[in-house]
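Structure first, commentary second.
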Amino acid sequence: MKHTPEDNLPGGILAVNKPSGVTSHDVVNKVRRLYGTKRVGHAGTLDPMATGVLVVLVGRAAKACEYISSHSKKYEATLRLGLTTDTEDITGEVLGESEQIPTSTEVTDACESFVGKIMQTPPMYSALKVNGQKLYELARRGVDVERKPREITVFSLECEPTESKIDYVLSVNCSGGTYIRTLCADIGKALGCGGAMAKLNRTEACGISINETYTLDELDEMSQEERESILLPTERLFSELCVVRLPEFFEKLFRDGCPIYQKKIKTSFEVGTRVRVCSEDGSFFALGEVVERHEGSAIKSVKIFEL
């Protein structure tokens, strides 16, 4: 494996409390400057108007981006009824308004109908790509393309009224890939009055709570040593996976790219199972997957995170 000078720089998870008015990419650029590395990514984009947990991956942890999109997330959002916009939130162009606002009981019942596995059509104003172009870039040019509905899961959805009869606070626990803007719009459509997202705060992502986050101002005030000390271990991203500890001999083979037969290390995971691969002392260093080989099932390397 070819190593680069950046391999020696600090790596891990930086939990940022993103403020409103900046993009997720703005945060990534800021973190690149603060940590002195170009190897920075994030897990799950937040819209500029949104606040809350942005999981930023620094150094070798950036390799984990493609493997963690399925994590559930938690949000607090404000649903505004009687309003329909092209972006499905209050920043967009108003397409329709209604004064026929349903009762709180009707709103609660409608929200309950969205709990479980449902189909959701991604909005045009999103970062999804079609033929290499981001949907929001096409939308800004007035181009509308067909999007296929996708299955998502809303594990729980609590709805609380506010002092305003048109605003409701939604507490949502959902699967990765869920658009809360679209959820608000779909609830409004089901109620017949229209709906749009007025606020959004992500309170948990990748198992990381908003209580573990730092603001950009706080990061600015830290010394380099302090910034490095607050990085969470990459292993946190895979906490739901089973652990496989490799004795030193098998660890060396695994790091060299050799699959390790399960019968050799006395494990029996099903083919297709993802596992956290650790050294004999329990130190995480890789993501592995069980595959079928000619002499039986084996654990092969998916990604090496720690040298």
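The values are calculated or read from the model by the stated rules, or taken from the named source; none is laboratory data. Keep in mind it's a predicted model, so treat the numbers as computed, not measured. Virtual Cβ from ideal backbone geometry, glycine too; neighbours counted across all protein chains shown. Protein only, heavy atoms only, side chains kept; ligands, DNA and RNA dropped before computing areas. Shrake-Rupley method; radii C 1.70, N 1.55, O 1.52, S 1.80 Å.
A few notes on this one:
- Scanning region 108-122 for residues that are among the β-branched types (Val, Ile, Thr), part of a loop (DSSP other than H, G, I, E, B) and surrounded by 15 or more Cβ atoms within 10 Å (Cβ to Cβ) yields one hit, Val115.
- Residue match in region 195-202 (condition: under 30 Å from Thr105 (Cβ atoms) and of a type in the set (S, T, N, Q)): yes
- Qualifying residue in region 123-130 (condition: assigned to a loop (DSSP other than H, G, I, E, B), surrounded by fewer than 18 Cβ atoms within 10 Å (Cβ to Cβ) and out of contact with any helix residue (DSSP H, G or I) (no Cβ under 7 Å at 6 or more places or on another chain)): no
- For region 4-21, a tally of residues being in contact with a Leu (Cβ under 8 Å, 6 or more places away or on another chain) and either at pLDDT 95 or above or not in a helix (DSSP H, G or I) (or both) returns 10.
- Every test in (1) at pLDDT 95 or above; (2) open to solvent by less than 80 Å² (accessible area, probe 1.4 Å); (3) more than 16 Å from Gly12 (Cα to Cα) is passed by Cys242 save one, and that test is (1).
- Within region 22-45, the set of residues being modelled with pLDDT of 90 or more, closer than 25 Å to Lys73 by Cβ and part of a loop (DSSP other than H, G, I, E, B) comprises Val22, Thr23, Arg39.
- Output for region 63-78, where each listed residue is open to solvent by 30 Å² or more (accessible area, probe 1.4 Å) and over 15 Å from Cys174 (Cβ atoms): Lys63, Cys65, Glu66, Tyr67
- Filter result for Thr234 (more than 26 Å from Ser113 (Cα to Cα), touching an Asp or Glu at 6+ places or on another chain (Cβ under 8 Å) and crowded, with 19+ Cβ neighbours inside 10 Å): yes
- Region 92-107 - residue that is without any contact (Cβ under 8 Å) to a residue 24 or more places away in the chain and not in a strand (DSSP E or B) and, of those, surrounded by the most Cβ atoms within 10 Å (Cβ to Cβ): Thr103
- With respect to the conditions (1) in contact with a helix residue (DSSP H, G or I) (Cβ under 8 Å, 6 or more places away or on another chain); (2) within 15 Å of Ala185 (Cβ to Cβ), Leu46 falls short on a single one, namely (2).
- Asp89 more than 17 Å from Thr45 (Cβ to Cβ) and surrounded by 12 or more Cβ atoms within 10 Å (Cβ to Cβ): no
- Test for Pro122: is it within 18 Å of the chain's Cα centre (by Cα), closer than 24 Å to Leu95 by Cα and not β-branched (Val, Ile, Thr): yes
- Of the residues making up region 253-307, those that are open to solvent by 80 Å² or more (accessible area, probe 1.4 Å), over 18 Å from Ala64 (Cβ atoms) and either touching a Ser or Thr at 6+ places or on another chain (Cβ under 8 Å) or not in a strand (DSSP E or B) (or both) are Asp256, Lys263, Lys264, Lys266, Ser268, Glu270, Val271, Glu280, Asp281, His294, Glu295.
- The lone exception for Ala205 - which of (1) open to solvent by less than 20 Å² (accessible area, probe 1.4 Å); (2) touching a Phe, Trp or Tyr at 6+ places or on another chain (Cβ under 6 Å) it fails: (2)
- Check on Arg236, farther than 23 Å from Tyr67 by Cα, in contact (Cβ under 8 Å) with a residue 60 or more places away in the chain and among the charged types (D, E, K, R): no
- Screening Ala196 with (1) closer than 30 Å to Ser297 by Cβ; (2) in contact with a Leu (Cβ under 6 Å, 6 or more places away or on another chain) gives one miss only, at (1).
- When region 17-32 is filtered for residues that are within 15 Å of Cys65 (Cβ to Cβ) and buried (at least 17 other Cβ atoms within 10 Å of the Cβ), the ones remaining, listed by number, are Ser24, Val27, Val28, Val31.
- Only one entry of Leu81, Leu54 meets the criterion of being more than 15 Å from the chain's Cα centre (by Cα), crowded, with 22+ Cβ neighbours inside 10 Å and at pLDDT 95 or above, and that entry is Leu81.
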